[in-house]
Amino acid sequence: MKVLKRVLKWITGAILVLLLLAFLVGLIAYWRSTNDCGKAGAPTNPMKAIVYCDYGVANLKLEEIEKPAPSDDQILVRVRAASINPYDWHFVEGTPYVMRAMGVGLRKPKDTRLGVDFAGTVEAVGKNVTQFKPGDEVFGGRGGAFAQYVCPRATRAVALKPANVSFEEAASVNIAAITALQALRDKGKVQPGQKVLINGASGGVGTFAVQIAKSLGADVTGVCSTRNVDLVKSLGADHIIDYTKEDFTKGAERYDVMLDNVGNHSLSECKGVLTPTGKYVLIGGGGASDQGFLGGLGKALWAMVFSKFVNQQMGMMMADANHNDLTILADMMQSGKLKPVIDRTYKLDQVPDAIRYVEQGHARGKVVITVE
Ligand SMILES: NC(=O)c1ccc[n+]([C@@H]2O[C@H](COP(=O)([O-])OP(=O)(O)OC[C@H]3O[C@@H](n4cnc5c(N)ncnc54)[C@H](OP(=O)(O)O)[C@@H]3O)[C@@H](O)[C@H]2O)c1
């Protein structure tokens, strides 16, 4: 008995020491967490870019920084337009907080540049680049897109912009349309004639998703609020559920594929309106003010467990931006099958206002930044 007590005492002591050590390591890592703000001298070849040294929209600033030079595999693009995604405010706010521990920066953002989606004109190409030439109009995704110039790798998320598509429209595409395409085509495996429900049909992803689901031959139901009913109908939705009047999880209809851009219903409620072999694709959810530690990741983790106990496939998807899918989307835009919906545009120095607007969670289509 005495020995057992001594062992228990020893284990408790060891656990307490480990917890104290973890706490101290965390504290040191927190205080050591920094970024390159204030370390660079005056730029020799300046360009304007949005920079943030600390978390929070109030800390976003338009500054002059060094214009990038393309490496052998990169192209230099003069940005004409960029677009905002919820992805951007996650980085601005550093939420859900787990992101900070996963390398985004515990106390301050490690990467002080912002924005991903862009469209613009190629100004120079690296010596290994054969796919693009100066003068080409391109669009895609590259970190630090809220700037006058970006240098994406030629083989990554960049493609030629169709001539009949504006820079503003093309800049809307990368994250939102690729997410909609991969969620419906690859995860949902949507087949002609299938019933597809899109929860959050009026937002950045939703407005692309309705059109893509239609082009895949689906019978599409869009869930949106009263003010967006006409918009979602005009995108081709066959049926509309106004979420201010009706709860789609209480309806009699059963869906082969559900794309959930909002995540405001429980997994069992969503399962209840899937066909026996239906697929539920969660892409996100949660507003800027209610992210907490895990944000939408909590639901994604729960979906991994939940899906083991049901017949339907239910899970979260992370989009993977790439050249081939951008080219598919470019072809769809060129042929008129896909038309980006632009809610409003802001100038580069108004990025903070644009982020604040998207943070409210009520964008109608995409919010675009024009760059001079
Ligand atoms: N996993 C990925 O790879 C990935 C990629 C892109 C985006 N995401 C995530 O996906 C989510 C959607 O992105 P987004 O770009 O489409 O966002 P967004 O443009 O900000 O979406 C706003 C739209 O959501 C609608 N909405 C809000 N509450 C709703 C409700 N209860 N029911 C139906 N619609 C509602 C709003 O309509 P009302 O104004 O009418 O309310 C608005 O039109 C975000 O959480 C984002 O972080 C994930």
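The values are calculated or read from the model by the stated rules, or taken from the named source; none is laboratory data. A quick note: this is a predicted structure, and the numbers were derived from the prediction, not measured. Positions of Cβ are generated from backbone atoms using ideal geometry, with glycine treated the same way; all protein chains shown enter the neighbour counts. To get the accessible areas, we keep the full protein, side chains included, count just its heavy atoms, and leave off ligands, DNA and RNA. Shrake-Rupley method; radii C 1.70, N 1.55, O 1.52, S 1.80 Å.
Among the residues of the range 299-314, those identified as surrounded by 15 or more Cβ atoms within 10 Å (Cβ to Cβ) and either among the basic types (Lys, Arg) or within 13 Å of the ligand (Cβ to nearest atom) (or both) are 299, 300, 303. Could you list, in sequence order, all residues of the range 54-66 that are touching a Phe, Trp or Tyr at 6+ places or on another chain (Cβ under 8 Å) and open to solvent by 40 Å² or more (accessible area, probe 1.4 Å)? Listed by number, the residues that qualify are 59, 61.
Residues in the range 67-90 that are under 19 Å from the mean Cα position of the chain (by Cα) and open to solvent by 60 Å² or more (accessible area, probe 1.4 Å): 86, 87. Put simply, of 234, 225 the only residue that is small (Gly, Ala, Ser) and open to solvent by 50 Å² or more (accessible area, probe 1.4 Å) is 234.
Across the range 321-358, what is the total count of residues that are assigned to a helix (DSSP H, G or I) and surrounded by 20 or more Cβ atoms within 10 Å (Cβ to Cβ)? First the steps, then the outcome.
Here is the first cut: in the range 321-358, the ones assigned to a helix (DSSP H, G or I) are 323-334, 348-358.
Still in the list and also surrounded by 20 or more Cβ atoms within 10 Å (Cβ to Cβ): 325-326, 329-330, 332-333, 348, 351, 354-355, 358.
Residues meeting the conditions: 11.
Going by the structure shown, is residue 355 of a type in the set (A, V, I, L, M, F, W, C), under 16 Å from the mean Cα position of the chain (by Cα), within 12 Å of the ligand (Cβ to nearest atom) and closer than 30 Å to residue 56 by Cβ?
Working: of a type in the set (A, V, I, L, M, F, W, C): yes; under 16 Å from the mean Cα position of the chain (by Cα): yes; within 12 Å of the ligand (Cβ to nearest atom): yes; closer than 30 Å to residue 56 by Cβ: yes.
So residue 355 passes the test.
Listed by first and then second residue, the pairs with beta-carbon distance under 8 Å, at least 6 apart or on different chains, first residue in the range 31-52 and of a type in the set (S, T, N, Q), second open to solvent by 90 Å² or more (accessible area, probe 1.4 Å), are 33/110; 35/110; 35/111. For the range 246-261, state whether one or more residues are of a type in the set (A, V, I, L, M), touching a residue at least 40 places away in the same chain (Cβ under 8 Å) and assigned to a loop (DSSP other than H, G, I, E, B). No; the residues of the range 246-261 include none that is of a type in the set (A, V, I, L, M), touching a residue at least 40 places away in the same chain (Cβ under 8 Å) and assigned to a loop (DSSP other than H, G, I, E, B). Could you tell me which residue of the range 177-213 is least open to solvent (accessible area, probe 1.4 Å), considering only residues that are more than 13 Å from the ligand (Cβ to nearest atom) and free of Cβ contacts under 8 Å to residues at least 60 places away in the same chain? Taking the candidates together, the pick is 213. Residues that are modelled with pLDDT of 95 or more, open to solvent by less than 60 Å² (accessible area, probe 1.4 Å) and either more than 18 Å from residue 115 (Cβ to Cβ) or away from the ligand (no atom under 12 Å from the Cβ) (or both) are absent from the range 291-298 altogether. Against the conditions (1) under 17 Å from the mean Cα position of the chain (by Cα); (2) in a loop (DSSP other than H, G, I, E, B); (3) under 24 Å from residue 270 (Cβ atoms), residue 300 satisfies every one except (2). Looking at the range 244-253, is at least one residue surrounded by 16 or more Cβ atoms within 10 Å (Cβ to Cβ) and away from the ligand (no atom under 13 Å from the Cβ)? Within the range 244-253 (the criterion being surrounded by 16 or more Cβ atoms within 10 Å (Cβ to Cβ) and away from the ligand (no atom under 13 Å from the Cβ)), the answer is no, since none of the residues qualifies.
Under the condition of being away from the ligand (no atom under 16 Å from the Cβ) and either under 20 Å from residue 148 (Cβ atoms) or part of a helix (DSSP H, G or I) (or both), the residues counted in the range 65-99 number 15.
Residues that are touching a residue at least 40 places away in the same chain (Cβ under 8 Å) and more than 24 Å from residue 214 (Cβ to Cβ) within the range 265-285 comprise 267, 271, listed in sequence order. Picking from residues in the range 100-131 that are closer than 26 Å to residue 26 by Cβ, charged (D, E, K, R) and in a loop (DSSP other than H, G, I, E, B), the one that is modelled with the lowest pLDDT is 107.
Take residue 371 and tell me if it is away from the ligand (no atom under 13 Å from the Cβ) and touching a helix residue (DSSP H, G or I) at 6+ places or on another chain (Cβ under 7 Å). Answer is yes for this residue.
Within the bounds of the range 323-336, is there any residue that is in contact with a Ser or Thr (Cβ under 7 Å, 6 or more places away or on another chain), closer than 25 Å to residue 263 by Cβ and at pLDDT 95 or above? Break it down into steps so the answer makes sense when it comes.
Just the residues of the range 323-336 that are in contact with a Ser or Thr (Cβ under 7 Å, 6 or more places away or on another chain), to begin with: 323, 332.
Those left that are additionally closer than 25 Å to residue 263 by Cβ: none.
The answer is no; no qualifying residue exists.
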